[in-house]
């Protein structure tokens with residue numbers, strides 16, 4: 001099966017997971033996206049970069065879509081909205097970004113779930129779908145993720161999806177206006193060659 005088997009009629013990419021459906025954002029998603037982000041701001045802000053003043057405006061969303069299209073066309077990033085499968089309500093978003101080829105063959109996953117939908121397994125299902133896409137369709141070797149140490153919910157999602165803790169990075173990302181340490185996680189494709197055991201001297 002090729003990458004084209006994951007395309008919707010009209011050229012849109014779609015992934016299905018356990019109770020969720022993922023696809024890139026469209027301009028018609030603006031109202032639902034802005035409403036969910038707006039009502040979830042206090043819940044999301046501690047874990048995200050500071051929001052620009054115009055972040056929830058239609059013009060900002062349009063610029064966001066242009067950036068997404070640029071990255072998708074160049075296979076640098078695969079951004080998806082997450083919809084609940086039962087009624088196609090928008091519940092959050094997930095991105096497989098920083099896709100690197102050559103000898104590294106890796107990408108980085110990041111996600112958010114709106115406050116009304118948190119704790120229902122949508123992030124776990126979305127991560128599973130995106131990791132499968134990364135390994136099975138894109139042929140990546142490794143998917144990485146990072147979260148601030150206090151974000152226990154995000155850590156739980158990653159551990160459920162067999163991401164392995166790899167350490168702590170000092171002042172790794174600027175979150176909500178402050179440089180924050182992050183815990184690093186990674187998952188390696190099961191089709192990859194086994195790594196030799198670490199020899200301790």
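The values are calculated or read from the model by the stated rules, or taken from the named source; none is laboratory data. Everything numeric in this text was worked out from a predicted model, so none of it was measured. Counting neighbours? That spans all protein chains shown, and the Cβs are built from the backbone with ideal geometry, glycine included.
Any residue that is assigned to a helix (DSSP H, G or I) and under 15 Å from the mean Cα position of the chain (by Cα) - is there at least one of those in the stretch 137-147? Reasoning before the result, please.
So the first thing to find is which residues in the stretch 137-147 are assigned to a helix (DSSP H, G or I), and the list is 137.
Now restrict to residues that are under 15 Å from the mean Cα position of the chain (by Cα): none.
Scanning the stretch 137-147 turns up no residue that is assigned to a helix (DSSP H, G or I) and under 15 Å from the mean Cα position of the chain (by Cα).
Report, by residue number, each residue of the stretch 77-110 that is part of a loop (DSSP other than H, G, I, E, B) and within 13 Å of the chain's Cα centre (by Cα). Show your work before the answer.
Looking only at the stretch 77-110, we keep the residues that are part of a loop (DSSP other than H, G, I, E, B), and these are 77, 85-89, 101-105.
Answer for the stretch 77-110, where residues must be part of a loop (DSSP other than H, G, I, E, B) and within 13 Å of the chain's Cα centre (by Cα): just 77.
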Among the residues of the stretch 49-84, count how many are surrounded by fewer than 14 Cβ atoms within 10 Å (Cβ to Cβ) and within 18 Å of residue 114 (Cα to Cα). 3
Return the only residue of 46, 52 being farther than 24 Å from residue 153 by Cα and either in contact with a strand residue (DSSP E or B) (Cβ under 8 Å, 6 or more places away or on another chain) or part of a loop (DSSP other than H, G, I, E, B) (or both). 52
Single match in 130, 157 (criterion: farther than 23 Å from residue 67 by Cβ and either at pLDDT 95 or above or in contact with a strand residue (DSSP E or B) (Cβ under 9 Å, 6 or more places away or on another chain) (or both)): 157
